[in-house]
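Undergrad: First the structure, which I've put down as structure tokens, then a few questions once you've had a look.
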Amino acid sequence: MSCNSLNASINDVTSEVHVPRRGFMRAALLLGAAALLPAAYVGKSLGSTNLPKVRAMRLPPVSTTADAADQAAWLIYRTRFIAPEGRVVDTGNGGVSHSEGQGYAMLFATWTNDRPSFERLWNWTHAHLSRPSDALHAWRWDPRRAVHVEDLNSATDGDLMIAWALLRGAERWDVPQWRERGLAIGRDILAASTREVGERTYLLPAPYGFDHDDRLVLNPSHYVFPAMRALAAARPDPRWAQLERDGLWLMESARFGEFDLPADYVQVDRISGAVSLARGWPEMFSWNAVRVPLHLAWAGETDSQALQATVRFWKVEQGHNISAWADLRSSGRAPYSANGGIVAVATLGAAATGVLPTGAAMPDLETAGDYYAGSLMMLSRMAMQEGVLASRTQAGASAAIARV
């Protein structure tokens with residue numbers, strides 16, 4: 001996607017750092033000049049006592065194997081978006097690759113018990129995205145550049161997914177070195193991409209570019225709660241539990257606009273601890289924030305107000321067209337319907353909150369317009385099985401035991 005008339009505005013926003021989220025670029029193009037407006041208002045402060053209490057950290061779901069329909073979906077995804085050498089191709093963004101995409105596909109391979117694909121994906125990731133100074137990964141690889149990796153900044157969501165996939169691959173196929181590498185990635189995320197403000201600990205989107213003298217800039221969709229729980233279970237560290245508690249608090253605090261939705265980017269004031277829409281970033285619920293309900297549903301946080309607000313916004317139960325995004329400043333909505341990936345996340349959220357039946361049908365992978373839509377479809381399928389269906393099964397078993 002391109003829009004030459006907006007290039008100057010986008011360059012102003014991104015001049016400070018190469019930002020590890022191509023979703024921001026899409027949102028900026030949609031929002032245009034509004035991307036540079038100041039935050040509309042300040043959210044709840046750290047001292048608020050009106051927020052719901054977050055629950056104690058739960059263990060991650062046990063590794064599962066995809067059913068026949070999900071296996072078929074994986075074959076479509078693998079054929080359309082993964083090159084033979086193991087590079088995941090962002091077909092909607094010039095054919096680049098991201099650490100996030102490598103992590104997604106590695107995760108899908110563990111779920112579908114596809115070890116050959118997993119090994120190709122991990123070998124390519126390790127060979128082309130590894131950073132020399134730690135176990136993290138460069139966020140972007142561009143086939144159009146003479147130097148394919150121009151920016152060694154990492155993306156926290158991508159590294160969380162890669163680490164989680166390595167832990168799962170190690171467990172499924174009994175490869176201890178994958179487990180150790182996954183733990184090393186988790187260790188370096190904690191060291192490089194966490195910051196404290198007051199009594200709370202926050203997860204930065206990347207080690208560089210988001211930690212300012214007066215504020216932290218955060219991307220709520222980088223809180224991949226199931227991955228964080230898996231890392232905490234594999235090697236206990238109180239910082240993971242703290243990140244989860246404060247992350248769930250952030251999901252409830254960082255909701256804005258008429259629809260009470262999570263934002264793509266928020267900021268935390270270093271002095272007051274107040275949470276607000278991030279200054280200089282698109283004030284939107286868009287390509288990034290759509291993953292907030294995905295991660296909450298996957299983690300079983302079905303009473304989260306952030307999850308429930310997105311379900312209400314999408315109005316899945318009423319059969320309305322699902323909006324692709326919302327402007328949190330003006331309450332404007334996308335003039336077109338969401339792609340199949342967002343429809344899949346909306347279906348997952350509706351099933352998790354009881355609006356739709358458990359296991360509601362997901363969009364067909366054949367209809368995915370690009371890599372990101374296909375990834376959201378696959379992630380939603382996984383989360384439906386490991387989050388929604390697993391939670392219902394566990395609840396049913398607990399009820400049966402109670403009756404006995």
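The numbers here are math on the coordinates, done by the rules we state, and not lab data. None of these values were measured; they are calculated from a predicted model. FYI the Cβ positions are ideal-geometry reconstructions off the backbone, even for glycines, and counts take in every protein chain you see.
Undergrad: For every other residue with a beta carbon closer than 15 angstrom to the beta carbon of residue 315, add +1 if it is Lys or Arg and -1 if Asp or Glu, then tell me the sum. Working shown, then result.
TA: Details: positive: 312, 333; negative: 258, 260, 317.
Once all neighbours under 15 Å are counted, the net charge is -1.
Undergrad: How high is the FRET efficiency between residue 196 and residue 68 when r is their beta carbon distance and R₀ equals 35 Å, given to the nearest 0.05? Intermediate results must be reported in sequence, preceding the final value.
TA: Working: r = 47 Å, r/R0 = 1.34.
Using R0 = 35 Å, I get an efficiency of 0.15.
Undergrad: Going by a ≥ b ≥ c, the root eigenvalues of the Cα gyration tensor, does the stretch 66-192 fall in the rounded group (a/c under 1.5), the prolate group (a/b larger than b/c) or the oblate group?
TA: Details: a/c = 2.04, a/b = 1.11, b/c = 1.83.
Since a/c reaches 1.5 but b/c is at least a/b, the shape of the stretch 66-192 is classed as oblate.
Undergrad: Beta carbons within 10 angstrom, averaged per residue: use that to sort the peptides 192-204, 96-108, highest first.
TA: Those peptides, ordered most packed to least, come out 96-108, 192-204.
Undergrad: Another question about this same structure. For each of 81, 118, count neighbouring Cβ atoms within 10 Å of the residue's Cβ, then give the residues from fewest to most.
TA: Details: 81 23, 118 26.
By the 10 Å Cβ count, ascending: 81, 118.
Undergrad: Listing 265, 208 from the residue with the fewest other Cβ atoms within 10 Å to the one with the most, what is the order? Before the final figure, lay out each step's value.
TA: Numbers: 265 28, 208 17.
Sorted ascending by nearby Cβ count, the order is 208, 265.
Undergrad: Between residue 123 and residue 317, with labels modelled 7 Å along Cα→Cβ, what's the label distance in nm to one decimal, could you check?
TA: 5.0
Undergrad: Would you calculate the separation in nanometres between label points at residue 130 and residue 177, each defined as 7 Å from the Cα along the Cα-to-beta-carbon direction?
TA: Simple spin-label model gives 0.9 nm for this pair.
Undergrad: Which of the chymotrypsin sites (Phe, Trp or Tyr not before Pro) found in the stretch 160-200 are loop residues per DSSP with 13 or fewer other Cβ atoms within 10 Å of their Cβ? Provide the component values of the computation, followed by the final result.
TA: Working: sites: 164, 173, 178; in loops: none.
Passing both the DSSP loop test and the Cβ count: no residue.
Undergrad: With a sphere of radius 10 Å drawn around the Cβ of residue 118, what net charge do the other residues whose Cβ falls strictly inside it have (Lys, Arg +1; Asp, Glu -1)? Intermediate results must be reported in sequence, preceding the final value.
TA: Working: positive: 115, 120, 168, 172; negative: 114, 119.
Charge balance in the 10 Å sphere: +2.
Undergrad: Now, a different point. Counting alpha carbon pairs within less than 8 Å and at least 6 residues apart, what relative contact order, in whole percent, applies to the stretch 172-297? Write out the running numbers ahead of the final one.
TA: Details: 167 pairs, mean separation 31.1, N = 126.
In percent, rounded to a whole number, it is 25.
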